[in-house]
Amino acid sequence: MEEKYRQVPSNCIKVVLFGPESSGKTTLSRQLARYYNSIWVPEFARDYLQDKWNNERKTCEAEDLLPIAAGQMVLENRLALKTDSVLICDTDLLETKVYSEQCYKKTCDPLLKKFAIENTYDLYFLTYIDTPWEADDLRDKPEERLEMFNAFQNELIINKRPYVLLKGDKKTRLATAIKHIDQLLNKK
């Protein structure tokens, strides 16, 4: 049962786009995958929750988090085996943990918490909230962006994750991310 939340060994560098909703993670993930001609791991929760919204008109609930975590890891593990350069992850379980704790009374399922901390990545790109808010069926916290950003940054610090803060327009963020990924690739 627990295995579905665990990373499989791979030969690639793994980077994660990390931060609050509507802060540019997916846009930058796609740009980086295109730039490196590599693999992008989309956010499993987006399709899962959009389907739930379309079928039931319900948003994310605490019981959705473990299926989301399992789906994210199945996707990541499958795609990690398709590259030996860089894997661009639009999210990870640590992000799901932050949302759990921020949205569900500071609680997090022990399995989610365990693997959010055990799974590792080479670098996180923490996306700042200086991008325009884009509303959709799933985004629901435009007034809490700074609070959510602080929660994400604190999680990286507490868990001693290597990260780079990304601010500015799309071009600036892309250039900064490329610089840091290139440094990782040169060390590989």
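Points to keep in mind about this one:
- In region 168-188, the residues that are within 13 Å of Y35 (Cβ to Cβ) and free of Cβ contacts under 8 Å to residues at least 12 places away in the same chain: K171, A175, K179, D182
- Residues located in region 29-58, provided they are more than 18 Å from L185 (Cα to Cα), in contact with a strand residue (DSSP E or B) (Cβ under 7 Å, 6 or more places away or on another chain) and crowded, with 18+ Cβ neighbours inside 10 Å: V41
- Entry remark, region 74-90: residues being in contact with a Leu (Cβ under 8 Å, 6 or more places away or on another chain) and surrounded by fewer than 19 Cβ atoms within 10 Å (Cβ to Cβ) number 1 in total.
- Apart from one condition, S100 fits all of (1) crowded, with 19+ Cβ neighbours inside 10 Å; (2) under 25 Å from K188 (Cα atoms); the exception is (2).
- Condition met for T107 (among the polar types (S, T, N, Q) and modelled with pLDDT under 95): yes
- Flag if L184 is assigned to a strand (DSSP E or B) and either modelled with pLDDT of 95 or more or of a type outside the set (S, T, N, Q) (or both): no
- Count - residues of region 21-49 that are over 14 Å from I178 (Cβ atoms) and more than 17 Å from the chain's Cα centre (by Cα): 0
- Residue match in region 10-20 (condition: more than 21 Å from P162 (Cα to Cα), over 14 Å from the mean Cα position of the chain (by Cα) and either loosely packed, with under 14 Cβ neighbours inside 10 Å or without any contact (Cβ under 8 Å) to a residue 24 or more places away in the chain (or both)): no
- Of all residues making up region 37-62, the number that are modelled with pLDDT of 90 or more and within 22 Å of M73 (Cβ to Cβ): 7
The values are calculated or read from the model by the stated rules, or taken from the named source; none is laboratory data. Fair warning: this is a prediction, and the values are worked out from it, not measured in the lab. A quick note on method: Cβ atoms are made from the backbone with ideal geometry, for glycine too, and the neighbour counts reach across all protein chains shown.
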